[in-house]
Amino acid sequence: MLKLLWLIPALPCAGFLTLAFFGPRLSRRAVALIGPGVVLASAVVSWSVAMSFFLAPPPGGAFVQELWTWMDVAGFHPKMALYLDPLSLVMMLVVTSVGFLIHWYSTEFMAEDEGYSRFFAYMNLFVASMLVLLLGDNLLLLYLGWEGVGLCSYLLIGFWYTDPANGRAARKAFYVTRVGDTAMSLGLFLLFTQLGTLQIQDLMREAHDQWGTGSKLATAAGLLLLGGACGKSAQLPLQVWLPDAMAGPTPTSALIHAATMVTAGVYLIARTHVIFEVSPTAQFAVAAVGAATLLIAGFSAMTQWDIKKSLAFSTISQIGYMFLALGVGAWSAAIFHFMTHAFFKALLFLGAGIVIEACHHEHSMFKMGGLRKELPVTFWTFAIAGCSLAGLPLVTAGFYSKGLIIWNAYASAGGSMVLWLAAVFGALLTSIYTFRMIFLTFFGEPKAHVVKRPGAAMKIPVMILAFFAAVAGFVETPGFLGHAHVFSNFMQKALPEAVERRGLGMSELGSEAVVMLAFLAGLAIAYFFFLKKPALQESVTEPPVGQAVHRFWFSDWGMDWLYDKLFVQPLWWFARINKRDFIDSFYAAVAAVTRALWVVLRSTQTGRLRWYAAVIVAGTILFVALALVAKP
Amino acid sequence: MIGLLVRRNLLFILMSLEVMVNAAGLAFVVAGAGHGQADGQAMFIFILAIAAAEVAVGLALVLLLYHRYRTLDVDVASQLRG
Amino acid sequence: MILVWLIVVLFSGGVLAWIAARWNEAAARWISLAAVTADFLLSLELWRKYSAGAHFLPNGPWLVDFNAEWISIPLAGVNIHLHLAMDGLSLLMVALTCLLGIMSVLTSWREISQRVGFFHLNLMAILGAIVGVFLAVDLFLFYFAWELMLVPMYFLIAVWGHERRIYAAVKFFIFTQACGLLMLVSILALVFAHHQATGVYTFEYADLLNTPLSRGAAFLMMLGMFLGFAVKLPMFPLHPWLPDAHTEAPTAGSLILAGLLLKTGAYGLLRFVLPLFPEASRDFAPAAMTLAVAGIVYGAVMAFAQTDLKRLVAYTSVSHLGFVLLGIYARNDWALEGALVSMIAHGVSTGSLFMLVGQLQERTHTREMDRLGGLWATIPRLSGIAMFFAMGSMGLPGLGDFVGEFLVLMGTYYAGHFGLTVAASVGVLFSTLYALKFIQRAYHGPNTHQWKIQDLAPREALIFAPMIVVLLWLGVYPQPVIRTFQPAMQAIQQFSNAPGEAPPR
Amino acid sequence: MEGLFYMAAVVAVGATLMMLTRQNAVHALLYLILSLLAVAVIFYLFGAPFAAALEVIVYAGAIMVLFVFVVMLLNLGPRAGGLEAAWLSPTVWLLPAIMAAILAGEIVYILSGPGLRTAPAGEIAPVQVGLALYGPYLIGVELASMLLLGALVGAHHLGREARSKPETKTHDVYSDVAGSDSGGDLVRAGSDRTSGAA
């Protein structure tokens, strides 16, 4: 079955081609069949490949399928090859399954939208490029998928192109991710010139052999790759684009900006973990970026009124957790959190989509309320996902994955007390804004009357995801709860084990207990603030300090304003003043000088005879004088 | 030569021109005499021929000019300006 | 003999079209189309024959060679040969010329209505001259073809151009002519230096290759030739003629201008400047590369600043050709291959962008982006294709441009110019700016002016099909192209005994 | 001998100066003729009788007569004289005078060089001149004749154009030795003799 590996990315690609060329002519039903159908087929193939991978694991724990040589230029010969190992297998399964559910959901969500076939074409292209990214055996092929995914996010964010605001948001997303991509390409150059190959596996071996730990080159390469990852996964310096990316249709946000694309950065760092192991500084940078981002995004998420923006900030925060896990060396924990996060975040977005659709495209949470009774299914699934995000102990998957990361943040080699504290405080923030969202939308007195009930195509995927959000956690349980390490054992082959550091001040149980405490505290605060006495909110945000802080957090810690001032304005200013291309004026100046000379010379021809005679005489005088002077 | 430059009347210009040509002829003859060869005078004859031709054409032009502009002021005829 | 046929077919096609136009114009178009297609088939056949194994002829790295007496003055000992020769590099360049030639004939099918015969004569003359430039190996013949290229191009812009065509045509002519003369001076200087050394006047490329030159003289000659080519390949300070020439030229004109004329500059650098003056080029390389990077960034920013569609695309060519120049002067295998691949990819992608803008202008009679907008609804097919090529020119992986740019950047990095690579990658970043602006202002956004225009007819869409296929093919599997370039590159490397040691095998 | 030379020289220069400053054209003409005759005397003193004769016959005789004809023909009348005065304001004299002075200075400087102090070495008979003319200078003579022919045709043509106006034609009596230049029909009908405006 492994031979069919190439089929997995090929199917969505074929879907894209058919929809792109013949889409407008096909009926809506046909498009609805092709779009999700292709992704379903790809999911089925990937599950069967997974089965054969489990049953008969290929030698060395990885399977390489070589298609053709991309280019062969004097020593640089990247191949178009697909590489399957536990890491890419898990990612692939998540992407295809969650992808299919979202496709199925959007058949109804986008039902009355006129760009129906175009939407599914882009979604299929996205799944295809994401799979190429995951399965790419060569960093260049990974880069191809990387940019393809960026392109699709641009196309899908700007899907409703009639509104220029969407266009601007889409372009902003593409510029910022492209900044990350440039950093990453520089990293690729560095890696190739130093280590002579871009084949990931050989690269890892070469990096391990040639670079001793702490070598400056490895740090540089690591930081450049981190730059690329930050761009794509909207981490600290480059996270401004994700909140604006909510301008796209909700299924897009669910698929791209929650489950799959934003975690591409996590995948990249996990895939090139050897480089980060070799240079501790780069690894620490990853952890630092992760910790800082999760706090900042956590605070900002609390102040958002738009339900999707709040979810976007929560995504940034959760990915911050994954980066933190990667930073401290808990590779499998990060991937585990990725899996659980994909389930409940996609579910949250889909739920939000239903809610928005129900309240006649109303995005503001404050205008919704009391939807508990009208949308029961949505409420329950949304609540499950919310609890999983916040980390409801013992029952939800989120608790396990986040707990593991928080524990590793303290216990593992790169971990420290500061990181642990940041992680715990982040957990508190997470539960606050999650329950704030749930209470605002579903509890309290109903402000908006429900316009549209979700149909079957929306409810079933949501329910499936809810099931996964709850169950997925039991694959990896902490020591005192059954000590199941199914997931990390499986990942063992691809990623190194998180090593405990000695002299731990705290046991895993203690850390889990603190996390539970944080969850409960968050729940209480949210309940107290947003359900019991809504008036209390004004009391916090009214005083000038509160207002300033609120505005500061709301605008993503002023990042937007800063980047706008730093990059966008000067460019526009230069474009405005230099439209006429000042180099051109040099040549225009040359033309002007010649014209001026012409005018001067013309005036010498007065037409009067005597003037000419005088000039002749002057000439003779001059020549005679010259002759005299020259005569020795 | 001063006349050539100063006078505005075309006739006077021509006359001063004649004087200049004559002076050249004088120079030639004197030089010829000085060296004792006849070349100077031969040259003088050529100069005479030139002067004659020049005067003939010059005066014809003067007449035409007068016909056209009714005056002999040389600055009037400056259409060839600029 | 086949090389001569390549040129003769084009010129005769032009003349025939001119004559035929007197009776009926469609005939002229068909004749010129036939001529260009015949040439294209010839070049493909050549490629098939030679791509198998690049076996060289005895006298140097040529695949096909044709040498005939042309001007010989026994008295002065001058014998200039009609020496045409083709190697991997010129083979592909000729193929590109014919491909874009077919495209230009097709696009001007409906656009050119008055004086069709004369138009096709000019078109064929340019193509013939360009093929001549790519094949000429005798410096005198090369210069002859080089000048021959300018005149029909001037007519093309001046007669069939748009509003400010005379200004643009004259500016184009002065720019290229002035620096062309500089090149002539350096050619002659080289020939005389050769004469001094060996006592024989020859314009033969092979003989001139190893003329002993003093350092200063070599540098000056190199500079003269470099300027001659740098103007054609719009290097940063010499580029202002390009936007004007492009905006004012008819679609076919700007297609040929962008697709081919710029390549002749790059080809000249590769074929003549690097091998003929190896040491001088090596000293000059850092300066040239800085100028190239300046060109990349400046071109991209300027493209971003434009509101006229064609000017935007013109400035993108400045930026892309900056990459080619960077690649040429980085002087190792990757950079050279990258420069060549991006030359072809640029020819295809920018050529098609010009065709698209031409079609758009035909329908909306405007090139100002402010007055366009929201066209995706009315013309989905044209907008889709425009999106594809805009992505191509942005260097999206999977399309031809990316392969070229990536190799060039890698080569520059390998050549030790870290700062330049970073600046160039920032240039790539800026390319996103203008590509997205191009799409946003023209196709996305609200349809403020209620454009109701008729979409691309299937026949017109068919024109773009080969271009899309070539760009994709270059992006995904550029191997055959690279393999054809390989021997030519080895020869050039070997001639210019580049210091960059052979990359790790 | 020396005294005679200096006297003639003074007369020539004086006459020329007087010619320059005259308003009336005829007066100027007469002064010019006087200066030419003085030059002829100088020729004679320098032992070039043939040249002197020629000067008198050709120059003073034919060319000056031509001038007189033209002046009479143009019939400027007294009023034109007044016009001349306006044009001769002192400032006009300034620039040409300076230039003339510089040029004169240069020439004197050149002539003041060595070896030009030559007294008249004796007479050069016309026969020597004739031999020289038809010896080495034969080509010169031919060319001179062609030149004169050219002048003849030119003057005739220009004259004819004037004739295209309704006038009668007269024949010019004098024709100088080297060639006859018709000078065209110069007499105009008296009727439209208006005085030319400046």
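The values are calculated or read from the model by the stated rules, or taken from the named source; none is laboratory data. Please read these numbers as outputs of a predicted model, since none were measured by experiment. Neighbour counts are summed over all protein chains in view; Cβ atoms, including those assigned to glycine, are modelled from backbone coordinates with ideal geometry.
When the residues of the stretch C:464-486 are filtered to those that are surrounded by fewer than 20 Cβ atoms within 10 Å (Cβ to Cβ) and of a type in the set (A, V, I, L, M), which remaining residue is farthest from the other protein chains (Cβ to nearest Cβ)? The selected residue is C:469. Counting only helices (runs of 4 or more DSSP H) that sit completely within the stretch C:131-225, those holding 2 or more residues that are at pLDDT 85 or above correspond to C:139-160, C:165-198. Considering the stretch A:558-618, the qualifying helices (runs of 4 or more DSSP H), each wholly inside and each with 3 or more residues that are within 11 Å of another protein chain (Cβ to nearest Cβ), without any contact (Cβ under 8 Å) to a residue 60 or more places away in the chain and not basic (Lys, Arg), run over A:569-577, A:582-603. Restricting the stretch B:24-42 to residues that are within 8 Å of chain D (Cβ to nearest Cβ) and among the hydrophobic types (A, V, I, L, M, F, W, C), which is farthest from residue D:128 (Cα to Cα)? It comes out as B:26.
For every residue, the table says whether it meets (1) closer than 30 Å to residue C:373 by Cβ; (2) crowded, with 24+ Cβ neighbours inside 10 Å; (3) in contact with a Pro (Cβ under 7 Å, 6 or more places away or on another chain).
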| position | (1), (2), (3) |
| --- | --- |
| A:103 | no, yes, yes |
| A:124 | yes, yes, yes |
| A:131 | no, yes, yes |
| A:157 | yes, yes, no |
| A:173 | yes, yes, no |
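Here the helices (runs of 4 or more DSSP H) wholly within the stretch A:290-399 that include at least 3 residues being at pLDDT below 85 and assigned by TED's automatic domain parsing to the domain that holds residue A:268 are A:331-358, A:376-390. Do we find that residue C:427 is modelled with pLDDT of 80 or more and surrounded by 24 or more Cβ atoms within 10 Å (Cβ to Cβ) in this structure? Answer is yes for this residue. When you check residue A:598 against the structure, is it at pLDDT 80 or above and either within 26 Å of residue A:312 (Cβ to Cβ) or out of contact with any strand residue (DSSP E or B) (no Cβ under 6 Å at 6 or more places or on another chain) (or both), yes or no? Here the answer is yes, as residue A:598 does meet what is asked.
Matching residues to (1) assigned to a helix (DSSP H, G or I); (2) out of contact with any helix residue (DSSP H, G or I) (no Cβ under 7 Å at 6 or more places or on another chain); (3) modelled with pLDDT under 90; (4) over 24 Å from residue A:580 (Cβ atoms):
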residue	(1), (2), (3), (4)
C:311	yes, no, yes, no
C:329	yes, no, yes, yes
C:357	yes, no, yes, no
C:383	yes, no, yes, yes
C:398	no, no, yes, yes
C:401	yes, no, yes, yes
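Of all positions in the stretch A:420-443, at least one carries a residue that is part of a helix (DSSP H, G or I), out of contact with any helix residue (DSSP H, G or I) (no Cβ under 6 Å at 6 or more places or on another chain) and under 30 Å from residue A:330 (Cα atoms). Within the stretch C:101-116, the set of residues being closer than 25 Å to residue C:4 by Cβ and either surrounded by fewer than 24 Cβ atoms within 10 Å (Cβ to Cβ) or hydroxyl-bearing (Ser, Thr, Tyr) (or both) comprises C:102, C:104.
Considering the stretch C:430-451, and only residues there that are surrounded by fewer than 22 Cβ atoms within 10 Å (Cβ to Cβ) and touching a Ser or Thr at 6+ places or on another chain (Cβ under 6 Å), the residue that is farthest from residue C:373 (Cα to Cα) turns out to be C:451. Chain B holds no helices (runs of 4 or more DSSP H) entirely within its bounds that carry 3 or more residues that are surrounded by 23 or more Cβ atoms within 10 Å (Cβ to Cβ) and of a type in the set (Phe, Trp, Tyr).
In contact (Cβ under 8 Å) with a residue 12 or more places away in the chain, surrounded by fewer than 24 Cβ atoms within 10 Å (Cβ to Cβ), assigned by TED's automatic domain parsing to the domain that holds residue C:290 and within 24 Å of the chain's Cα centre (by Cα): does that describe residue C:388? When the stated conditions are applied, residue C:388 passes them.
Being more than 30 Å from residue A:467 (Cα to Cα), among the basic types (Lys, Arg), modelled with pLDDT of 80 or more and in the same structural domain as residue A:138 (by TED's automatic domain parsing), is that true of even one residue in the stretch A:29-49? For the stretch A:29-49, residues more than 30 Å from residue A:467 (Cα to Cα), among the basic types (Lys, Arg), modelled with pLDDT of 80 or more and in the same structural domain as residue A:138 (by TED's automatic domain parsing): absent.
A quick yes/no check of all residues on (1) more than 14 Å from every other protein chain (Cβ to nearest Cβ); (2) of a type outside the set (A, V, I, L, M):
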site	(1), (2)
A:181	no, yes
A:184	no, no
A:214	yes, yes
A:228	no, yes
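Taking each residue of the stretch B:10-23 that is closer than 20 Å to residue D:74 by Cβ and looking for partners that are among the basic types (Lys, Arg) with beta-carbon atoms closer than 6 Å, six or more apart or interchain, yields B:13/B:7. Considering the stretch C:184-205 alone, what residues qualify as being under 27 Å from the mean Cα position of the chain (by Cα) and surrounded by fewer than 16 Cβ atoms within 10 Å (Cβ to Cβ)? Within the stretch C:184-205, C:185 is the sole residue that qualifies. Residue A:162 meets the conditions (1) at the interface with another protein chain (Cβ under 10 Å from one of its Cβ atoms); (2) surrounded by fewer than 22 Cβ atoms within 10 Å (Cβ to Cβ); (3) farther than 25 Å from residue A:247 by Cβ in every case but one. The failed one is (3). Of the numbered criteria (1) touching a residue at least 60 places away in the same chain (Cβ under 8 Å); (2) within 14 Å of chain C (Cβ to nearest Cβ), the one residue A:68 fails is (1). Taking (1) of a type outside the set (Asp, Glu); (2) buried (at least 24 other Cβ atoms within 10 Å of the Cβ); (3) touching a strand residue (DSSP E or B) at 6+ places or on another chain (Cβ under 8 Å) in turn, residue C:307 satisfies each apart from (2). Any residue at all in the stretch C:29-48 that's among the acidic types (Asp, Glu), outside the structural domain of residue C:337 (by TED's automatic domain parsing) and modelled with pLDDT under 80? No, because not a single residue in the stretch C:29-48 is among the acidic types (Asp, Glu), outside the structural domain of residue C:337 (by TED's automatic domain parsing) and modelled with pLDDT under 80.
If we keep just the residues of the stretch A:141-155 that are at the interface with chain C (Cβ under 8 Å from one of its Cβ atoms) and among the hydroxyl-bearing types (Ser, Thr, Tyr), which is surrounded by the most Cβ atoms within 10 Å (Cβ to Cβ)? Among residues in the stretch A:141-155 that are at the interface with chain C (Cβ under 8 Å from one of its Cβ atoms) and among the hydroxyl-bearing types (Ser, Thr, Tyr), the one surrounded by the most Cβ atoms within 10 Å (Cβ to Cβ) is A:154.
A residue that is within 13 Å of residue C:432 (Cβ to Cβ) and either modelled with pLDDT under 85 or more than 9 Å from chain C (Cβ to nearest Cβ) (or both) occurs nowhere in the stretch A:187-207. Quick check: is even one residue across the stretch B:60-75 within 30 Å of residue D:139 (Cβ to Cβ) and facing chain D (nearest Cβ under 7 Å)? Yes, that holds for at least one residue.
Of the residues making up the stretch A:561-574, at least one is out of contact with any strand residue (DSSP E or B) (no Cβ under 6 Å at 6 or more places or on another chain), closer than 30 Å to residue C:176 by Cα and at pLDDT 80 or above.
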